[in-house]
Amino acid sequence: MAQWDALVDAALARLASRSLLRATRPIALAPPPAQPETFPGPGPWDRTAVEIRLDGATLRQWLAEGGEANGQEEEVGEKLILFSGNDYMGLSSHPAIRDAAVKAAQEYGMGPRGSALICGYTTYHKMVEESLAELKKKEDCLLCPTGFSANMAVMTALGNISSLLAVGRKPTKEERIAIFSDALNHASIIDGIRLAERQQEVVAFVYKHCDMSHLDFLLSSCSMENKVVITDSLFSMDGDFAPLPELVNLRRKYGFLLVIDDAHGTLVCGENGGGAPELFECENDIDISVGTLSKAAGCQGGFIACSSRWRRLIQSRGRSFIFSTALPVPIVASVHAALCVSRKERWRRSVIWRHVQYFASLTKLNITSPIISIIVGSEEAALRAGRHMLRSGFHVTPIRPPTVPPNSCRLRITLSASHSSDDITRLVDALTPWLPDKQDLVHRDDMPSKL
């Protein structure tokens, strides 16, 4: 991608000439203790990741949602099985993650409180960035407070390239960055694009969800020189994968920058947990990989895996990174432990995908990931289905607008390594009234664009 390397280098040179290049300077902390303890199979702590309780008042409020309350006290067990979280690997309750956070807090408290460019960046942060860069097969990585802020930082830094190179004026339309975004991309991508558009730095094009013919048409019709395609790798509300092999072929044809948000694929997909690019064997064809540490890692935070030149640009122009306080040291220590556990306890990934196959075999639904959407239509129907699941002992939150378009309300179910086969069997029994006879949950062309 020589064209993009040259663009970024030119933008960096412009920043350097104005003394606006910024760098992280890690505060030295003693390294964490030896490798965390790992286990050959599930332990009692795994149940705490999926067994939850709601107090009586919350249960009554949920059951009354939608106006179905009959005025009588309803007996519902307070203990529920959680099927609506994103803790796919079940690491949030792992002893190693707990111990790492506790020991770091005892040693350093929350650590230096400031943005990463001032005093919040430590050798712990650097250590986790190096681990994530290795996992994602990238030269470098930048930790962010959240996955949302990571996507925002990438989008604003991308737009800044056109402004930096225009020198003293707004870039013309042909000088702006053309961003091609999947219609169902995450809100953080959409908001980042909108912000860059507002600054008159990018022009956005939305292609139909996972429709490579439409994307090809838009790319071939666009005369703008600098093109970017951005997509979720695994879509959070539909559970389908972006067609990464086809995107890679289009990248070779058009020379665009390929950016993915691998929030739901990281640690879940691929033999090593490298995410959707590892699963589809295209790691070297992804230019920037954004991710989160609050889902399969079971912790908190976001990251941008990229080249060193891109890191320098983003940390100098990505406002959501620059103006946010860095992650607390105990959180970063827990992330480091989670990455170590993920490498050692590979059986967790195997369990997740066995659960996916088992759910598919019980329901005969066409599912391809641990995210399963049961589309029920109206908000009223979704609320009714949610109450039914609650009464059956399951925490399955109805998903409604603005998260999803009108009349596509759904029960969103997520499978975790901490679930048991019995949990899934009982879940499917409870879902029976809401399961369609035959439903393709992978590809929905009728969904309107969220952008």
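The values are calculated or read from the model by the stated rules, or taken from the named source; none is laboratory data. What you see is a predicted model; the values in this text were computed from it and never measured. Every residue, glycine as well, gets a Cβ built from its backbone with ideal geometry; the counts of neighbours run over all protein chains shown. Please note that ligands, DNA and RNA were not included when accessible areas were found on the heavy atoms of the full protein model with its side chains. Shrake-Rupley method; radii C 1.70, N 1.55, O 1.52, S 1.80 Å.
A few comments on the model shown:
- For segment 242-288, averaging the sequence separation of C-alpha pairs within contact (under 8 Å, six or more residues apart) and dividing by the residue count gives a relative contact order of 37 percent.
- Across the chain, C-alpha contacts under 8 Å between residues 6 or more apart give a mean separation that, scaled by the residue count, equals a relative contact order of 24 percent.
- Distant alpha-carbon pairs in segment 51-184 (separation over 21 angstrom), percent: 70
- Heavy atoms of Met212: accessible area, 1.4 Å probe, square angstrom to 10: 30
- Under 19 Å from the Cα of Lys79 - aspartates and glutamates, other chains or at least 8 residues apart: Asp46, Glu51, Asp55, Asp87, Asp422, Asp423, Asp429
- Net length gained if the chain between Asn366 and Asp216 were fully extended (0.36 nm per residue, minus Cα distance): 51.3 nm
- Highest to lowest packing among 52-58, 381-387, scored as the average C-beta count within 10 Å: 381-387, 52-58
- Relative contact order (%) - segment 1-151, alpha-carbon pairs under 8 angstrom, separation at least six: 31
- Cβ-derived FRET efficiency at R0 25 Å, Val102 paired with Arg343, nearest 0.05: 0.70
- Accessible surface computed residue by residue for the chain, with neighbouring protein chains in place and a 1.4 Å probe, gives 41 Å² per residue.
- Rounded percent of accessible protein surface that carbon and sulfur make up, segment 263-355, 1.4 Å probe: 46
- Inter-label distance for Gln35 and Cys119, nm, one decimal - labels placed 7 Å from Cα along Cα-to-Cβ: 3.7
- Counting only protein heavy atoms and using a 1.4 Å probe, the accessible area of Arg169 comes to about 120 Å².
- In this calculation the C-beta distance from Asp55 to Thr403 is compared with R0 = 22 Å, giving a FRET efficiency of 0.30.
- Relative packing of 315-321, 172-178, which averages over residues the other C-beta atoms within 10 Å, highest first: 315-321, 172-178
- Per-residue HN-Hα couplings for segment 262-276 [Karplus 6.51, -1.76, 1.60; θ = phi - 60°; Hz; x = Gly/Pro]: 9, 4, 9, x, 4, 6, 8, 9, x, 4, 9, x, x, x, 4
- In this structure the amide hydrogen of Val203, modeled in the peptide plane, comes within under 5 Å of the amide hydrogens of Ile177, Ala178, Ile179, none closer than 5 places in sequence on its chain.
- Accessible-area composition of segment 114-233, carbon plus sulfur, in percent [1.4 Å probe]: 52
- Additional length obtainable on full extension of the chain from Glu139 to Thr48, 0.36 nm per residue less Cα span: 29.1 nm
- J(HN,Hα) series, segment 277-293, from Karplus relation 6.51 cos²θ - 1.76 cosθ + 1.60, nearest Hz, glycine and proline x: x, 5, 4, 9, 6, 9, 4, 6, 9, 8, 7, 9, 10, 8, x, 10, 10
- Entry note, the chain: the mean residue ellipticity at 222 nm calculated from DSSP H runs of n ≥ 4, each adding -39500 (n - 2.57), is -12500 deg cm²/dmol after division by the residues and rounding to the nearest 500.
- The 3J(HN,Hα) values that the Karplus relation (6.51, -1.76, 1.60; θ = phi - 60°) gives for segment 164-173 are, in residue order, 4, 7, 6, 6, x, 8, 6, x, 5, 4 Hz. Gly and Pro appear as x.
- Difference of contour (0.36 nm per residue) and Cα-Cα distance, Ala13 to Ser223: 73.0 nm
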